[in-house]
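**Student:** Dumping the structure here so I can ask a few things about it.
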Amino acid sequence: MNDTLYQAAALIVPLIFAIVFHEVAHGCVARALGDPTAERMKRLSLNPLRHVDPIGTLVLPGFLALVKAPVFGWAKPVPVNKWMLRNPRTGMMMVAIAGPASNLILAGIAALLLGVMARQIGGLPPAGSLAHFLVLNLLIFISINVFLALFNLLPIPPFDGSHVVEGLLPRSWAAVFERMRPFGFPVVLLLLIVLPSLIPGFDPVGKLVVPPVDWLTGHYLGFADRLAG
């Protein structure tokens, strides 16, 4: 039981930080591009309580971890009014990219800290120690941030990648794509949760997202290893 709580804490804490920074990044870029909505609603705070969605931030990730499925989640979306952006089309693309970009930056910072920490202690700390817990948090933090970044770039509403696709499409096609947004979340649930549980071998996340996540995570860990000497 203690081991389960230990692993849960090492997963939940990095996940909440990654998701909160992701959402705040959206709001900060929106404010910089002319939309103060998130700031007015006090959603630029790093206080997790302002962003946590009970289902998306706690229940679903916990369930996915329990069944050993790829862990993902979401926070309460930071409100963005694209019509207040100075250039709505390119502005929404930049706002969307800000979330995944923040996760990749956080993964880099975690890899830096991991490498410096490993160099200072001269290897892996003993299991059960505070240093071991910190190392485990940093490893999970890197993995979660890389996964969130690439997962959110999927070109399906409501993921960030859908806003990038919409901004790149011709205006007439973009209008059709935008009308599909209300159906995005049910499609996501169908593709990522329902169908994989019903059809053996149907695993779009495992086949499309996990390989590049593993590749990029390996580069971050390689950077940490080089720093550790």
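**Student:** Please work out which one of (1) part of a helix (DSSP H, G or I); (2) modelled with pLDDT of 85 or more; (3) more than 12 Å from the chain's Cα centre (by Cα); (4) of a type outside the set (D, E, K, R) is the condition His132 fails and give its number.
**Tutor:** Checking His132 against (1) part of a helix (DSSP H, G or I); (2) modelled with pLDDT of 85 or more; (3) more than 12 Å from the chain's Cα centre (by Cα); (4) of a type outside the set (D, E, K, R), the one that fails is (2).
**Student:** If I ask for residues that are surrounded by 23 or more Cβ atoms within 10 Å (Cβ to Cβ) and within 23 Å of Pro54 (Cα to Cα), which ones from the stretch 25-38 would you list?
**Tutor:** Scanning the stretch 25-38 gives His26, Gly27, Ala38.
**Student:** Okay, next question. Collect the residues in the stretch 49-63 that are more than 13 Å from His22 (Cβ to Cβ) and buried (at least 17 other Cβ atoms within 10 Å of the Cβ), keeping them in residue-number order.
**Tutor:** Let us first name the residues in the stretch 49-63 that are more than 13 Å from His22 (Cβ to Cβ), namely 49-50, 54-55, 58-63.
Arg50, Leu60, Pro61 - these are the residues of the stretch 49-63 that are more than 13 Å from His22 (Cβ to Cβ) and buried (at least 17 other Cβ atoms within 10 Å of the Cβ).
**Student:** Cβ contacts < 7 Å: first residue buried (at least 16 other Cβ atoms within 10 Å of the Cβ), restricted to the stretch 97-126; second residue at pLDDT 90 or above and assigned to a loop (DSSP other than H, G, I, E, B), any location; separation 6+ or different chain. Result?
**Tutor:** Gly99/Asn152; Pro100/Asn152; Pro100/Leu153
**Student:** Still on this structure: Suppose we filter Leu198, Leu169, Leu150, Leu190 for residues that are modelled with pLDDT of 90 or more and out of contact with any Phe, Trp or Tyr (no Cβ under 8 Å at 6 or more places or on another chain); which single one remains?
**Tutor:** Working: Leu198 fails: modelled with pLDDT of 90 or more; Leu169 fails: out of contact with any Phe, Trp or Tyr (no Cβ under 8 Å at 6 or more places or on another chain); Leu190 fails: modelled with pLDDT of 90 or more.
Going through Leu198, Leu169, Leu150, Leu190 in turn, the sole match is Leu150.
**Student:** Going through the stretch 197-221 one residue at a time, which ones are surrounded by 15 or more Cβ atoms within 10 Å (Cβ to Cβ), farther than 30 Å from Val116 by Cβ and either touching a residue at least 24 places away in the same chain (Cβ under 8 Å) or of a type in the set (Ser, Thr, Tyr) (or both)?
**Tutor:** Val205
The values are calculated or read from the model by the stated rules, or taken from the named source; none is laboratory data. What you see is a predicted model; the values in this text were computed from it and never measured. Here Cβ is always computed from backbone atoms with ideal geometry, including for glycine, and neighbour counts include all displayed protein chains.
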